[in-house]
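Q: Below are the structure tokens for one structure; questions will follow.
The values are calculated or read from the model by the stated rules, or taken from the named source; none is laboratory data. As the structure is a computational prediction, the values presented were derived from the model and not from experiment. Cβ placement follows ideal geometry from the backbone for every residue including glycine, while neighbour counts extend to all protein chains displayed.
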Amino acid sequence: MESQDEGLEDLLKRLRLSKNWSYDELADNINKKLLKKWEEAGHEEADFKWTLDKDVKKWEYGIKYPELDMMYELSELYEVKCDDFIAAKNISLKKGFPSIATIKWTCYFLNISIYAGMVINMIIIFLAAILSMIFLGNVIMEIPNYL
């Protein structure tokens, strides 16, 4: 792993881009690798759980983390140690804070940058604060009428 403070989402994105793969191409490469193992184990293709480009995108946005077995497959695909993924996940978990999930979901669904998502969420929070002050102000003004 290059950076000591690189989170899992950053590591996954860097590795994918180093191979010049799109989300679709990474998902296809994962599926080819896993489907081969699946069929070698004697399972039917109809029962195979496909990895989608949406899954890869969620990993890179930090919305969802790949399972441990998927980290192992990714480590083989990228030719890095699985320990690097686990260490990066721990860094991501230490860095994270609850409101970042809201920002990441906004960015994911609106397909915008993380900075634009932060601005949108700050505007939403600001408007919610103003509306709550207006509402509470009206409620407080009505209290003397009940006394």
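Q: If the requirement is being in contact with a helix residue (DSSP H, G or I) (Cβ under 6 Å, 6 or more places away or on another chain), of a type in the set (D, E, K, R) and farther than 16 Å from residue 86 by Cβ, which of these qualifies: 49, 57? Explain how you work it out, then say what you get.
A: Working: 49 fails: in contact with a helix residue (DSSP H, G or I) (Cβ under 6 Å, 6 or more places away or on another chain).
Result: 57 is the single residue among 49, 57 that is in contact with a helix residue (DSSP H, G or I) (Cβ under 6 Å, 6 or more places away or on another chain), of a type in the set (D, E, K, R) and farther than 16 Å from residue 86 by Cβ.
Q: Would you be able to tell me the number of residues in region 50-81 that are assigned to a helix (DSSP H, G or I), among the small types (Gly, Ala, Ser) and crowded, with 18+ Cβ neighbours inside 10 Å? Quick ask: steps written out before the conclusion?
A: We begin by selecting, within region 50-81, every residue assigned to a helix (DSSP H, G or I); these are 53-61, 68-78.
Remaining after also requiring among the small types (Gly, Ala, Ser): 75.
Applying the additional criterion that residues be crowded, with 18+ Cβ neighbours inside 10 Å yields none.
Qualifying residue count, region 50-81: 0.
Q: In region 5-49, what count of residues is obtained for those that are outside any helix (DSSP H, G or I) and either without any contact (Cβ under 8 Å) to a residue 40 or more places away in the chain or in contact with a strand residue (DSSP E or B) (Cβ under 8 Å, 6 or more places away or on another chain) (or both)? Break it down stepwise before answering.
A: Of the residues in region 5-49, the ones outside any helix (DSSP H, G or I) are 5-7, 19-22, 41-44, 48-49.
Checking the rest, the ones that are also either without any contact (Cβ under 8 Å) to a residue 40 or more places away in the chain or in contact with a strand residue (DSSP E or B) (Cβ under 8 Å, 6 or more places away or on another chain) (or both) come to 20-22, 41-44, 48-49.
The total comes to 9.
Q: Being outside the structural domain of residue 110 (by TED's automatic domain parsing) and either at pLDDT 90 or above or crowded, with 17+ Cβ neighbours inside 10 Å (or both) narrows it down to one of 2, 45, 9, 40, so name that one. Can you show your working first?
A: On the way: 2 fails: either at pLDDT 90 or above or crowded, with 17+ Cβ neighbours inside 10 Å (or both); 45 fails: either at pLDDT 90 or above or crowded, with 17+ Cβ neighbours inside 10 Å (or both); 40 fails: either at pLDDT 90 or above or crowded, with 17+ Cβ neighbours inside 10 Å (or both).
Going through 2, 45, 9, 40 in turn, just one is outside the structural domain of residue 110 (by TED's automatic domain parsing) and either at pLDDT 90 or above or crowded, with 17+ Cβ neighbours inside 10 Å (or both): 9.
Q: Just checking, which of 80, 56 is closer than 24 Å to residue 115 by Cβ and of a type in the set (Val, Ile, Thr)?
A: Details: 80 fails: closer than 24 Å to residue 115 by Cβ.
On inspection, the qualifying residue turns out to be 56.
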